[in-house]
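In what follows, a single structure is set out as structure tokens and then discussed.
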Amino acid sequence: MKKIEAIIKPFKLDEVKNALTKIGVQGMTVTEVKGFGRQKGHTEVYRGAEYKIDFLPKVKIELITSEEMVTQVIDTIERAAKTGKIGDGKIFISPVEEVIRIRTGERGRDAI
Amino acid sequence: MAGGALAEATAPSKVDSGDTSWILISSALVMLMTPGLALFYGGMVRSKNVLGTIMQSFIALGVITLQWVLYGYSLAFGPDIGHVIGSLDWIGLSGVGLEPFPGYSATVPHQAFMIFQMMFAVITPALITGAFAERFKFKTYLVFLVLWATFVYDPLAHWVWGVGGWIRNLGALDFAGGLVVHISSGIAALVATLVVGKRKGYGDEPMPPHNLTMTLLGAALLWFGWFGFNGGSAVASGSLATNAFVVTHISTAAAALSWMVAEWAYRGNPTVLGAASGAVAGLVAITPASGFVGPMSALLIGLVGGVLCYYAIHLKSKLGYDDSLDVVGVHGVGGTWGALATGLFACKAINSAGDDGLFFGNFSLIGIQALSVFSAWIYSFVVTLIILKILDWTMGLRVPEEHEVNGLDLSQHGEAGYSF
């Protein structure tokens with residue numbers, strides 16, 4: 001099993017979610033985050049004071065998937081989240097030791 | 001009071017219902033300006049300080065009301081002593097009844113005049129709080145309110161508006177508080193920023209306004225209430241009140257536009273905060289002039305006031321002081337401009353009890369205005385400095401660093417402004 005973390009532009013969330021559910025993904029967790037990579041921030045001015053805003057709002061999607069589904073999930077996210085402009089985001093894949101469904105106690109693949 | 005009732009039964013009352021209703025409405029309008037100020041300031045600070053900031057304005061309604069009725073009104077407007085202060089004859093509003101008082105309110109019950117003036121006394125010290133936002137100890141602030149009202153506001157009000165007051169006797173014109181409210185608080189704010197010092201992290205950490213929608217609501221309430229602030233200062237309902245109402249509105253509109261345009265040209269963006277700040281600058285500038293100048297003069301006063309105050313707020317970064325909410329730039333500079341502009345644009349045709357200004361052929365008024373401005377600067381500066389120094393030595397002015405970092409809401413009030 002693998003954990004897939006994707007940082008994407010906030011307005012792309014619905015598109016990504018719909019694309020993932022279409023290929024059979026049954027759940028995910030979403031957090032509002034701030035971050036920056038190569039995309040520059042912007043400057044806001046309040047009365048005389050200038051504020052450089054480096055951190056940009058992003059959305060982080062986390063989901064757990066079986067080994068076989070990984071490639072399909074990544075491709076789907078990439079396609080749905082891409083705009084071609086700087087700041088589209090990144091996807092991280094990490095191994096997952098165990099998954100447990102709280103309601104039933106199921107473990108492993110059955111819990112995904 | 002029984003004797004008073006008998007006297008009323010025999011002598012005809014000179015109370016005019018139109019005048020009285022306008023003064024009472026104006027008193028309510030000015031009262032609304034204090035919570036309006038609370039929101040104006042509140043939106044400009046960081047969210048962890050929103051309640052602390054609002055509270056500093058709001059609580060003035062409590063503290064100054066009591067101070068005023070117990071002895072403040074007497075000091076400010078009571079029987080004159082040496083042209084510098086009123087006596088304590090009216091302590092506890094003794095003798096301040098429901099009959100008109102010809103010295104101040106010929107057609108309006110004395111208590112109506114008293115409560116109208118009270119609302120000015122309430123909001124003036126609250127204005128100062130913008131200068132030391134996000135770092136002042138609440139306990140000390142409560143004491144500051146009482147001391148500043150007693151030793152700065154009340155004497156200054158007496159000098160400018162009290163019967164026998166020396167600035168009034170000089171012939172200086174201050175219709176609704178350019179000297180008494182704006183210059184006094186603007187200069188006090190300057191002193192406060194110097195004594196209290198900068199916010200922790202000022203210049204390094206970002207401290208943008210947390211809720212400009214709140215600020216704009218506050219600015220709108222201030223604009224609305226100011227119709228009472230200036231209009232009510234006619235102490236009558238009729239043509240003078242109308243003049244004050246109309247010129248107030250024109251100056252505000254002009255200043256909102258001129259600040260916005262100045263900022264657009266200088267920084268590249270027309271901002272909401274700029275439009276709101278410009279409006280307030282226009283309100284401040286027209287305050288002393290509102291009963292003495294006409295609509296086109298008000299237009300100019302507003303246009304100049306907006307631009308002048310916009311440039312004034314950049315002084316603080318040049319001179320290195322943290323006047324957090326620009327009290328000096330808006331009230332100090334705006335009030336000074338307004339008082340001097342009164343010396344230029346005043347016209348006896350508008351108000352025969354006033355005077356003519358420089359542009360109407362009289363060269364002496366501008367000098368008198370300048371003298372009154374200078375006196376207000378010096379007096380407010382020195383006495384505020386003394387008050388703050390004493391409070392600093394005895395009670396401490398600033399919250400400890402940890403409390404400043406956690407925010408005033410939690411540290412001073414044990415509350416959170418928002419829970420999402």
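For this structure, a couple of remarks:
- Filter result (over 10 Å from residue B:193 (Cβ atoms) and within 10 Å of chain A (Cβ to nearest Cβ)) within the stretch B:310-334: B:310, B:311, B:312, B:313, B:314, B:315, B:317, B:318, B:325, B:326, B:329, B:330
- Candidates B:252, B:248, B:242, B:215, filtered to the one that is among the β-branched types (Val, Ile, Thr), in a helix (DSSP H, G or I) and within 14 Å of chain A (Cβ to nearest Cβ): B:215
- Set side by side, the residues A:91, A:77 differ, and just one is surrounded by 12 or more Cβ atoms within 10 Å (Cβ to Cβ), in contact with a helix residue (DSSP H, G or I) (Cβ under 7 Å, 6 or more places away or on another chain), farther than 18 Å from residue A:38 by Cβ and among the hydrophobic types (A, V, I, L, M, F, W, C), which is A:77.
- Residue list for the stretch B:196-210, filter: away from every other protein chain (no Cβ under 12 Å) and of a type outside the set (Lys, Arg): B:196, B:197, B:201
- Among the residues listed as B:178, B:228, B:171, the single one being away from every other protein chain (no Cβ under 14 Å), under 23 Å from the mean Cα position of the chain (by Cα), under 21 Å from residue B:367 (Cα atoms) and surrounded by 21 or more Cβ atoms within 10 Å (Cβ to Cβ): B:178
- Test result for residue A:55, more than 14 Å from every other protein chain (Cβ to nearest Cβ) and among the aromatic types (Phe, Trp, Tyr): no
- The set of residues in the stretch B:333-376 being of a type in the set (Ser, Thr, Tyr), buried (at least 24 other Cβ atoms within 10 Å of the Cβ) and under 17 Å from residue B:185 (Cβ atoms) consists of B:336, B:372.
- The stretch B:268-291 residues that are free of Cβ contacts under 8 Å to residues at least 24 places away in the same chain and within 12 Å of another protein chain (Cβ to nearest Cβ), paired with ones that are surrounded by fewer than 24 Cβ atoms within 10 Å (Cβ to Cβ) and among the β-branched types (Val, Ile, Thr) (beta carbon under 8 Å, 6 or more apart): B:269/A:45; B:270/B:261; B:271/A:45
- Scanning the stretch B:209-221 for residues being surrounded by fewer than 16 Cβ atoms within 10 Å (Cβ to Cβ) and either among the polar types (S, T, N, Q) or at pLDDT below 95 (or both) gives a total of 1.
The values are calculated or read from the model by the stated rules, or taken from the named source; none is laboratory data. The structure presented is a predicted model; accordingly, all values stated were derived computationally and were not measured. No Cβ is skipped: glycine too gets one built from the backbone with ideal geometry, and neighbour counts run over all protein chains shown.
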